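For reference, the structure is listed below as structure tokens.
The values are calculated or read from the model by the stated rules, or taken from the named source; none is laboratory data. Here the structure is a predicted model, which means the values were calculated and not measured. No Cβ is skipped: glycine too gets one built from the backbone with ideal geometry, and neighbour counts run over all protein chains shown. Heavy atoms of the whole protein, side chains included, go into the accessibility calculation; ligands, DNA and RNA do not. Shrake-Rupley method; radii C 1.70, N 1.55, O 1.52, S 1.80 Å.
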Amino acid sequence: MARVAGVNIPTQKRVEIALTYIHGIGRCAATEICTKGSIPREKRVNQLTDAEVMRIREIIDRDYQVEGDLRREVAMGIKRLMDLGCYRGLRHRRGLPVRGQRTHTNARTRKGPAKPIAGKKKAAK
């Protein structure tokens, strides 16, 4: 099992797909890494030589922010918004949608399961 950026990437998958298991690398970035390292995209991870794995590691370390560093930077950005007290920061603090989505009926992922309101009954027909 190849280990890149502190993540065990699956050995049976193509290199292009396996690299997306690293937080911060998507399909586009994975294709770019394969091109820079001159590795055929259809090659499987278990077919890679040690030199190719090292090339991939060096490219990722040099050009991309991944895993812990990326998570830390995102968390610091959210913390900064919360400390400023701006609208986006308040939405993060309250656990509500941040990007303008409606909350009257939807947003159950952010708000959690619906809480029943005491004394409210359904209208009788």
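General remarks:
- From Glu73, Glu58, Glu16, Glu52, residue being under 30 Å from Lys111 (Cβ atoms) and assigned to a helix (DSSP H, G or I): Glu73
The rows are residues; the columns are (1) more than 20 Å from the chain's Cα centre (by Cα); (2) open to solvent by less than 100 Å² (accessible area, probe 1.4 Å).
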residue: Lys36; (1), (2): yes, no
residue: Pro40; (1), (2): yes, yes
residue: Lys43; (1), (2): yes, yes
residue: Gln47; (1), (2): yes, no
residue: Ala51; (1), (2): yes, yes
residue: Ile59; (1), (2): no, yes
residue: Gly68; (1), (2): no, yes
residue: Ala75; (1), (2): no, yes
residue: Cys86; (1), (2): yes, yes
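- Long-range neighbours under 8 Å by Cβ, at least six apart or interchain, first residue in contact (Cβ under 8 Å) with a residue 12 or more places away in the chain within region 26-38, second of a type in the set (Phe, Trp, Tyr): Ala29/Tyr64; Ile33/Tyr64
- Hits in region 11-22 - residues which are of a type outside the set (Asp, Glu) and surrounded by 15 or more Cβ atoms within 10 Å (Cβ to Cβ): Lys13, Arg14, Val15, Ile17, Ala18, Leu19, Thr20, Tyr21, Ile22
- Only one entry in Ile59, Ile78 is touching a helix residue (DSSP H, G or I) at 6+ places or on another chain (Cβ under 9 Å) and under 30 Å from Pro10 (Cα atoms), namely Ile59.
- Of all residues in region 91-102 being touching a helix residue (DSSP H, G or I) at 6+ places or on another chain (Cβ under 7 Å) and at negative phi, the one that is most open to solvent (accessible area, probe 1.4 Å): Arg93
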